[in-house]
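Peer 1: Take a look at this one; I'll ask things after.
The values are calculated or read from the model by the stated rules, or taken from the named source; none is laboratory data. Every value quoted in this text rests on a predicted model; they were computed, and no experiment measured them. As a convention, Cβ positions derive from the backbone with ideal geometry for all residues, glycine included, and neighbour counts pool all protein chains shown. Accessible surface is based on the protein model in full, side chains and every heavy atom, while ligands, DNA and RNA are left aside. Shrake-Rupley method; radii C 1.70, N 1.55, O 1.52, S 1.80 Å.
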Amino acid sequence: MALPKRIIKETERLMAEPVPGISAVPHEDNLRYFDVTIDGPSQSPYEQGTFKLELFLPDDYPMTPPKVRFLTKIYHPNIDKLGRICLDVLKSNWSPALQIRTILLSIQALLGAPNPDDPLANDVAKRWKEDQNAAIQTARDWTTQYAKK
Amino acid sequence: MARPRSKRGDLIEGLSYREKLSLASGVFMSEDATISPQSKQTPLNASRDARALIRLIQCPQCSLPFRSPVTLPCGRSLCRVCLPQPHRRENISYPNTPDRLTAVGCPFEECGKEHPEGDCSVDVCLSKIMETIHDVVNSCEPVPGDTPAKLWEIGTGSNPGNAGLRDQYSEHVHFGGRLLSMFAMAVMGHLNYHAEAEFSSLSNEGDDYQTMDDAVLGRLRETTHKELDCHVCYNMMYDPVTTPCGHTFCRKCLARVLDHSTHCPMCRRTLPIPPSLEQQPSNVRLVSLLQGLCPELVASRAEAVVAEEQLEMGEMDTRLFVCTLAFPSMPTFLHIFEPRYRLMIRRSLEGNRQFGMLTYNQHGVSQTDLGNTTFKEYGTMLSILNVHMLADGRSLVETMGLYRFRVRAHGTLDGYTVGRVERVEDVSLAEEERLEAQDITAVPVIDSPMEGRPSTARFNDITQLPTQQLLIEGLAFVQKMRAHSAPWLHQRIIEVNGGPPNDPALFPYWFASIIPIVDDEKYQLLQTTSVRERLKIVIGWIRRIESQRWYNGGNCLIL
Ligand SMILES: [Zn+2]
Ligand SMILES: [Zn+2]
Ligand SMILES: [Zn+2]
Ligand SMILES: [Zn+2]
């Protein structure tokens, strides 16, 4: 099936004007499937880490949001063991006016601002609320252990 | 231009969808004579069409270049400050939101409707275009002082009797060629929207400033082009429609968005417009701008839109709907609510108004060349007779069966099934006759017990009945059941499906449409290739019903 013009344009722009700290490269054999890396934002427990994600554009994209998942293990209240992300713009707040770029920026922002009140990983969120310093330390440790550059 | 006022119920009666489509495409044209027919192929020329170009960005109310333009629900644009004073609306209790309690009377004569204030937002796209135009004009400052020209207005309302006569007081000297001069005139309020303008170079060298005009237009085209991209498909807008919140998308893109959500993709405001967009006019001014600046791109977009769907479908040129069992010449009523099927129905309406109906392969039976598909390979092509769009985007679709087909290859397009199909047809009449003769003259099969049934003699005699006799037996059975007031022959059902047809080719389809037996049995009819074969199947059912040995999923079927 032919690739919609929109996906071609988005890919071209991602290549031509990459977002600092984010890369997204489509697979050669499947231009709807992207290998993504996101650098942990500075001032966050994920600083110094580079996280791998996969991003897939479903058939009816952009009517439905891209499917994004963390491949690198990460300790975060809004990201579960399977790497699934709890982010409104990936679900009910998706709009076709958003794009791969804005979605990845939102995920990067989520790393900088974990939200334990809207958790996906309940155990992490619980710990985050009860003992934030310890949780942050675990997040740091995991970053060093799994997301080292 | 005025759109036909929709009367209640005209969705179904009155105009056909096709007629409405052609009316809708009329809206696609320009609102006035700015665009002449020949300019549809060639873009407006910087010097020859300078007046028309400037008019594209003038407010028809105040004649100034648009200031925070609003595009009204009727598709016409004017400055926000040119909106008439709002008044309170009377006798309205629904939806009763604050922004709908007041309205402005549309100042455009062709419309004259009342537009709720909430629907009169600033047109974001047109506003951005105006900003970029001002930027371009400002970047041309200081306008070279050695490019003087004299301009004057012709044919304004101020001197109707002397239209065309030169009024010395309306003469102005401007610089920078036709476009910049006329823009300056418009900004100063010296150029009425409806008026023409004359231009006379005062250059000592006799320069007509044509090169300068071309350069200015080139830059305008380049900068405005960016603002004319659709935020959904990333293409240049095609048939732009502006929402009540002031955001503009291709008509097709917005319709697809509305299949999935009721919110504006840009601002997330709820869009109070019927999702089909059937009654939604195009943004007249943007259509004119696109047509005036880049008609060749508009034309190639139009081609691309058609080609895109065809290309994506490739050989899979038949839209398929896996839903229920349908038969040729019989009506099928559908309730469409899933976004992908709404899209499928809409595309059918834009195309030949047909799609193939398939039934589920519930028992996972392998389908000849296709393997274990979710659907059974034989289906019926349906033609859409009527679509009744409900306000929430659901629709009731009335169809009529056309012909049977078999799926040879299949895939998906935007979530729905598409395929390559071949028609399933009856053998020639000569062959039909041969089959009948062969059956009738065959040596009778002698009764032999089979699968626990006491006798198969009565089944086997079907084979030897003349085709016409098979029909008569079928009709007689219907007659008898009617006399017994069988619930499946209720008057309501007859009203929908019609009475039993006397055509032996069609009777089985009619019978299958109304008789309450399992679909697996009925499905056989789709595979038949002769009238006789179909009738034999039907009479087989009747015999089994009559012998009371007809079981339906373990329960004895009571007719
Ligand atoms: Zn109006
Ligand atoms: Zn105005
Ligand atoms: Zn579009
Ligand atoms: Zn909006």
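Peer 1: Using a 1.4 Å probe on the heavy atoms of the protein chains only, list every residue of the stretch B:213-243 that has 40 Å² or more less accessible area in the complete assembly than in its chain alone.
Peer 2: Residues of the stretch B:213-243 that lose at least 40 Å² of accessible area once the other chains are added: B:Val232, B:Tyr234, B:Asn235.
Peer 1: Run through the DSSP bridge list for the protein assembly as shown and note the antiparallel percent, rounded to the nearest 5. Spell out each step's value before the answer.
Peer 2: Working: 83 of 87 bridges.
The answer is about 95 percent antiparallel.
Peer 1: Shielding of A:60-66 by partners, i.e. mean partner chain Cβ atoms within 10 Å per residue?
Peer 2: 5
Peer 1: Hey, can you rank B:374-381, B:177-184 by average C-beta count inside 10 Å, highest first?
Peer 2: B:177-184, B:374-381
Peer 1: Sticking with this one: For the protein assembly as shown, what does the accessible surface come to per residue with a 1.4 Å probe? Please give it in Å².
Peer 2: Accessible area per residue, the protein assembly as shown: 48 Å².
Peer 1: Moving on. Please list, in chain and number order, the residues 5+ apart from B:Leu382 or on another chain whose amide H is under 5 Å from its amide H, with Hs placed from the backbone.
Peer 2: B:Phe355, B:Gly356, B:Met357, B:Leu402
Peer 1: Return the average number of partner chain Cβ atoms within 10 angstrom of each residue Cβ along peptide B:265-272.
Peer 2: 2
Peer 1: Based on alpha-carbon centroids, what's the gap between the stretch B:187-236 and the stretch B:242-275 in Å, whole number please?
Peer 2: Spelled out, the Cα-based centre of one part sits 31 Å from the other.
Peer 1: Also: Most mobile of A:Arg84, A:Arg101, A:Arg13 per a Gaussian network model of chain A (Cα springs, under 10 Å)?
Peer 2: Highest fluctuation of the listed residues: A:Arg13.
Peer 1: Further, regarding this structure: Chains A and B: how much accessible area gets covered up at their contact, both sides added, probe 1.4 Å, in Å² to the nearest hundred?
Peer 2: The A and B chains share an interface burying roughly 1600 Å².
Peer 1: A further question on this structure: Gain in length, A:Tyr33 to A:Glu12, computed as 0.36 nm per residue apart minus the alpha-carbon separation, to one decimal in nm?
Peer 2: 6.1 nm
Peer 1: Take the alpha-carbon centre of the stretch A:35-90, take the same for the stretch B:479-537, and report the distance between them in whole Å.
Peer 2: 57 Å
Peer 1: Residue separation times 0.36 nm, minus the C-alpha to C-alpha distance between B:His335 and B:Ala476: what's the value?
Peer 2: 47.3 nm
Peer 1: If I model a spin label as a point 7 Å beyond the Cα along the Cα-Cβ vector, how far apart are those points for A:Lys5 and A:Asn93 in nm?
Peer 2: Placing both labels 7 Å beyond Cα along the Cβ direction yields 3.1 nm.
Peer 1: Sorted by accessible area (1.4 Å probe), largest first, how do B:Ser77, A:Ser92 line up?
Peer 2: Of B:Ser77, A:Ser92, the descending order of accessible area is A:Ser92, B:Ser77.
Peer 1: Same structure, new question: Report the paramagnetic label zone for A:Ser42: residues of the stretch A:121-149 whose backbone N is under 18 Å from a point 7 Å from Cα along the Cα-to-Cβ axis.
Peer 2: A:149
Peer 1: Let me ask another. What length, rounded to one decimal in nm, is gained on full extension from B:Ser68 through to B:Met188, with 0.36 nm per residue of separation minus their alpha-carbon distance?
Peer 2: Extra length available between B:Ser68 and B:Met188 comes to 41.5 nm.
Peer 1: Turning to a different aspect of this structure: Tell me, what is the 1.4 Å probe accessible area of B:Arg89, in Å² to the nearest 10?
Peer 2: 50 Å²
Peer 1: Related question: Which of A:Lys67/B:Lys128; A:Lys73/A:Lys126; A:Lys91/B:Lys252; A:Lys67/B:Lys226 have a Cα-Cα distance over 26 Å? Walk me through the numbers on the way to the answer.
Peer 2: Values: A:Lys67/B:Lys128 33 Å; A:Lys73/A:Lys126 18 Å; A:Lys91/B:Lys252 23 Å; A:Lys67/B:Lys226 29 Å.
Violating the 26 Å limit, Cα to Cα: A:Lys67/B:Lys128; A:Lys67/B:Lys226.
Peer 1: I've got another one for you. Hey, what do the phi angles of the stretch B:540-545 turn into as Karplus ³J(HN,Hα) couplings, whole Hz, using 6.51/-1.76/1.60 and θ = phi - 60°, x for Gly and Pro?
Peer 2: x, 4, 4, 4, 5, 4
Peer 1: When the Karplus curve 6.51 cos²θ - 1.76 cosθ + 1.60 is applied with θ = phi - 60°, which whole-Hz ³J(HN,Hα) does each residue of the stretch A:8-17 get, with x for Gly and Pro?
Peer 2: After applying 6.51 cos²θ - 1.76 cosθ + 1.60, I find 4, 5, 4, 4, 4, 5, 4, 6, 6, 10 Hz.
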